[in-house]
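Notes follow the structure.
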Amino acid sequence: MEGSRVLVLRGIVAIAVAIVSFLWPGITIAAMVVIFGAYAIVDGVINLRLAFTRTGTHSRWAYVLQGIAGIAAGVLTFFWPAITGLVLIFFIGAWAVVTGVFEVSAAVALRRVIRGEWMLALSGIVSILFGFMVLLFPLAGAVGIAWMFGAYAMAAGVILISLGLRLRRVPVMD
């Protein structure tokens, strides 16, 4: 199933980003721009691909909107590389909340189509919680944000890989 491979790929990318964030927590805000921008663009492209390769029409709009939001966030991040730390932190927080909302809505839309949709909802909830934490504590500093981002990316990656592997084993319900 194409969708399961895409979810596993998203999870692998998220875990790779998490590892980089944990290994180099003292990286500059410019490096956070590169990490976040790349992750958001790759995640957005993968979501758009998923939207246009799905055979059904369930939740296609959510993948399209999530893909556009990710690509837009990534492009804007690279377009303004000298952005201040505070603005970038709010940017990351808002992106995580939007992504999480779309993941939860996709899980709700898929609840009658697949089993294990709760994993996608959980990934969305993790995204929303991460986004709110970033928005509530923006002055935590670059190291704290790097670790929070790494924890978010690791959790989301593990959940997405688990969901993708589960979907490979579970037949799609009609």
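Observations
- Candidates A82, A94, A40, filtered to the one that is at pLDDT 85 or above and more than 25 Å from G3 (Cβ to Cβ): A94
- S59 passes every criterion in (1) at negative phi; (2) at pLDDT below 90; (3) of a type outside the set (F, W, Y) apart from (1).
- Residue identified as surrounded by 18 or more Cβ atoms within 10 Å (Cβ to Cβ), modelled with pLDDT under 90 and under 19 Å from V13 (Cα atoms) among L110, L160, L165, L122: L160
- Of the criteria (1) touching a residue at least 12 places away in the same chain (Cβ under 8 Å); (2) surrounded by fewer than 22 Cβ atoms within 10 Å (Cβ to Cβ); (3) part of a helix (DSSP H, G or I), which one R115 fails: (3)
- The residues of region 91-150 that are farther than 20 Å from L65 by Cβ, of a type in the set (G, A, S) and over 13 Å from the mean Cα position of the chain (by Cα), listed by number, are G116, A140, G141, A142, G144, A146.
- Some residue of region 125-137 being out of contact with any strand residue (DSSP E or B) (no Cβ under 7 Å at 6 or more places or on another chain), of a type in the set (F, W, Y) and not in a helix (DSSP H, G or I): yes
The values are calculated or read from the model by the stated rules, or taken from the named source; none is laboratory data. The shown structure was predicted, so the numbers you read here are calculated from the model rather than taken from an experiment. All Cβ positions, glycine included, derive from the backbone under ideal geometry; neighbour counts span all protein chains shown.
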